[in-house]
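These notes concern the structure reproduced below.
Bear in mind these aren't lab numbers, they're just calculated from the coordinates by the rules spelled out. Treat the numbers as computed from the prediction; the structure is a model and nothing was measured.
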Amino acid sequence: MSTREQWQRRLGPLYGGAVALVHSTPWRWPVEVGDDTRAPGWIVAVGAPIGVFAYLVAALLRWVGMPTTVSSLVGLAMLSLASAAIVERGLAERIARTQSDPTRAAGIVALVFFTLVRAAAIAALPPSRWFGVLVATSLVGRWAAVFLQAIGDPIVDDDTPRSLVSTPSPAWLTAALSLGVASVTVLALGKSGIAALAITAALTFVLGIDAQRRDHGLTAPVVASAAAIGEVTILLIATIGA
């Protein structure tokens, strides 16, 4: 089996992308890659191919004659599966911890509601908007997770095999990622994309304050919850005028 150094030489600057794939998707890769820290830029960038993949599945189903609603819902499901359901699992765990619910019943209820809202939103969109909205949804969700870690304390105790935890991004990288994600979001949603990003940032900031008060710092479920906020915000804003 190739060593980490060999993979680094083979992939060069793309090595960080391999690490992000291992940690934030179901993608299989040599074990040596999995122990490295996750770069925030790659965590966000991986969202683009995930969104494209979700769209291609939805478009293919529609092309073979599946109903539009079914195709859109399957595309949304692919968005979750391609991210190893990190957002959904983290959100459920966060709600359960907040409610001090050892059975996680509250988290399951919240997850069901979150899923239904996302499903209703994507089903309300015409197929012509699927591509932009699915890509923007994936990118903004991951951007929200990185943004929260950029303004909060580093997470030093993440022992989950797959999460959106990364090294905190410096101010210049956070600004560059924000600009790039904003450009894609505006292309997908128009001017309302700016409002969606602003709402996401504000809610993510509030989430961080709550996490500091309750948990005295950020955790992987909190980061996943930030991504959930970003995803559902984009989908809901996208339905305005649909």
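Numbers for the structure displayed
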{"item": "Relative contact order computed over region 142-242 (Cα-Cα under 8 Å; 6+ residues apart), in percent", "result": "41 percent"}
{"item": "Candidates Arg89, Arg28, Arg38: whichever shows maximal mean-square fluctuation once the chain is modelled as a Gaussian network with Cα springs under 10 Å", "result": "Arg28"}
{"item": "Length gained when the stretch His216-Val70 is fully extended (0.36 nm per residue, less Cα-Cα span)", "result": "48.3 nm"}
{"item": "For region 122-136 versus region 177-242, the gap between their alpha-carbon centres in whole angstrom", "result": "18 Å"}
{"item": "Per-q log10 I(q)/I(0), the chain, q = 0.17 Å⁻¹ (Debye; single scatterer per alpha-carbon; no solvent)", "result": "-1.27"}
{"item": "Axial C-alpha extent at least 20 Å, average Kyte-Doolittle at least 1.6 - helices from the chain (DSSP)", "result": "68-82, 105-123, 171-189, 220-238"}
{"item": "Along principal axes, Cα extents of region 148-238, largest first, whole Å", "result": "39, 26, 24"}
{"item": "Full-extension gain in nm, Ala59 to Arg9, via 0.36 nm per residue minus C-alpha separation", "result": "14.3 nm"}
{"item": "The chain, relative contact order in percent, only Cα pairs under 8 angstrom and at least six apart counted", "result": "25 percent"}
{"item": "Scattering curve values for region 45-139, log₁₀ I(q)/I(0), Debye with Cα scatterers, q = 0.16, 0.18, 0.21 Å⁻¹", "result": "-0.66, -0.79, -0.96"}
